[in-house]
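Remarks on the structure that follows.
Every number in this text was worked out from the coordinates using simple rules, so none of it is lab data. Just so it is clear, the model here is predicted, and its values are computed rather than measured. Heads up, the Cβs are rebuilt from the backbone with ideal geometry, glycines too, and the neighbour counts pull from every protein chain shown.
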Amino acid sequence: MDYRTEAPEIVQKFLTYHETIRGHSRQTVEEYYLDLRMFLRYIKIRRGLVAEDTEFNQIPIDDVDLALISSVTITDFYDFLSFLARDREKKSRSGKSSHGISAKSRARKVATIRSFYKYLTVKAHLLEENPIQELDSPVVPKTLPKFLTLEESISLLNSVSSGPNRERDFCILTLFLNCGLRISELVGLDLSDIRADHIRILGKGNKERIVFLNDATADAINSYLAIRKNLTCSDKNALFVSREHRRISRAGVHALVKKYLCAAGLDSTQYSAHKLRHTAATLMLRNGVDVKTLQELLGHEHLNTTQIYTHVDNTDLKIAASANPLAKFQKND
């Protein structure tokens with residue numbers, strides 16, 4: 001997929017602005033493009049600009065111009081959100097189809113479209129007024145992140161006991177559970193990012209941070225590096241190498257995490273590579289790491305993103321409940 005060939009010029013300039021000026025990753029920019037493509041396809045249908053028998057996913061948007069974009073009203077946006085909530089087809093990982101996407105996904109698309117129209121009015125000065133200035137975002141239910149217990153984490157690490165890639169796989173799981181890396185950060189690691197006591201991470205928005213290594217993580221890396229030096233790879237800089245002698249992919253990492261979750265007797269439908277990041281954050285918070293330090297370690301831009309983990313550890317809540325002077329009251333029969 002290349003938005004430079006598929007997107008109209010006005011959308012291309014918006015995406016280039018985010019990639020070059022705002023410093024957003026290519027993956028983030030591509031997600032913006034997919035959100036805008038879906039929205040513009042829907043608008044073309046509402047305006048009667050496509051044949052009725054045209055499949056939604058086959059509607060081109062390269063002919064979209066400023067006139068069409070500026071004609072959109074806030075009513076069009078709410079109708080689009082209704083389409084997403086009720087009619088948009090989605091497929092689960094098992095391949096089953098259903099209709100309607102989650103509030104979280106709808107909220108992300110709203111954020112993308114808001115950013116697009118803000119760019120057109122404030123940055124590019126192509127529109128005098130922002131038609132979605134008052135657009136409300138879907139309410140996203142707040143859920144606590146799922147995580148493994150300490151015992152489950154140990155079981156997961158112990159499940160890596162054999163196989164040709166055991167040093168690599170053990171190192172990957174150790175990095176997730178000890179350093180709280182994002183999967184994109186892990187697959188992007190280069191050999192040159194590794195130091196004796198720390199690793200250099202390229203996070204969201206191409207922001208660099210340093211993550212220091214504890215003894216277990218340093219040992220896991222060193223054991224894998226002894227294997228890595230004998231491996232050939234099309235990308236000589238890649239730290240983690242796949243069986244195809246390429247930089248390991250996100251899909252490859254997801255697959256190995258699911259494999260070892262199953263081997264450890266854990267529910268692989270409930271946990272993922274990202275849940276291992278949650279696990280690292282929760283375990284560190286429970287063992288004395290303050291929220292501000294955790295924010296820097298995880299590479300969160302805003303503290304409130306990190307603070308969700310403070311709700312996971314219920315120790316203080318239990319202490320507060322016990323401290324209530326009525327805690328020991330029992331009704332006499």
ASP267-ALA124 pseudo-label distance in nm [points 7 Å out on the Cα-to-Cβ vector]: 4.6
query: Hey, what angle do you get for helix 103-118 against the long axis of the chain, alpha-carbon based, 0 to 90 degrees rounded to 10?
result: 50
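Using Cα pairs closer than 8 Å and at least 6 residues apart in sequence, work out the relative contact order for region 178-226, in percent.
Computed value for region 178-226: 29 percent relative contact order.
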- prompt: What is the local net charge at ARG108, summed over the other residues whose Cβ is closer than 12 Å to its Cβ (Lys, Arg +1; Asp, Glu -1)?
  reply: +2
statement: Candidates for Cα Rg over 2.2 N^0.38 Å are [x] 1.03; [y] 0.98; [z] 1.19, and the calculated one carries label [z]
Theoretical gain in end-to-end length, HIS245 to ASP62 [0.36 nm per residue, Cα-Cα removed]: 62.2 nm
query: What does the charge add up to near TYR260, with Lys and Arg as +1, Asp and Glu as -1, over the other residues with Cβ less than 11 Å from its Cβ?
result: +2
- line: Phi angles of region 153-162, converted by Karplus (6.51 cos²θ - 1.76 cosθ + 1.60, θ = phi - 60°) into ³J(HN,Hα) in whole Hz with x for Gly and Pro, give 5, 5, 4, 5, 5, 5, 6, 8, 10, 7
task: Whole Å is fine, so just give me how far the alpha carbon centre of region 121-136 lies from that of region 207-263.
output: 45
- prompt: So, by mean Cβ neighbours within 10 angstrom, what's the order for 34-42, 56-64, 107-115 with the highest one leading?
  reply: 34-42, 107-115, 56-64
- prompt: If you plug each phi of region 163-170 into the Karplus form 6.51 cos²θ - 1.76 cosθ + 1.60 with θ = phi - 60°, what whole-Hz ³J(HN,Hα) values come out, in order, with x for Gly and Pro?
  reply: x, x, 10, 5, 5, 5, 5, 5
field: Tilt relative to the chain, helix 26-46 - C-alpha long axis, 0 to 90 degrees, to 10
entry: 40
Calculated from backbone phi, Karplus (6.51, -1.76, 1.60) coupling profile of region 244-253 in Hz, x at Gly/Pro: 8, 6, 10, 4, 4, 9, 4, 4, x, 5
- prompt: Given Cα pairs under 8 Å that are at least 6 residues apart, what percent is the relative contact order of the chain?
  reply: 15
field: Estimated 222 nm signal from helices in the chain, with DSSP H stretches of n ≥ 4 weighted -39500 (n - 2.57), rounded to 500
entry: -14000 deg cm²/dmol
message: Nearest 10 degrees is fine. How inclined is helix 215-228 to the longest principal axis of the chain, computing both from alpha carbons?
response: 70
- line: A student applying the Cα gyration tensor rule (rounded when a/c is under 1.5; otherwise prolate if a/b is larger than b/c, oblate if not) would label region 150-315 oblate
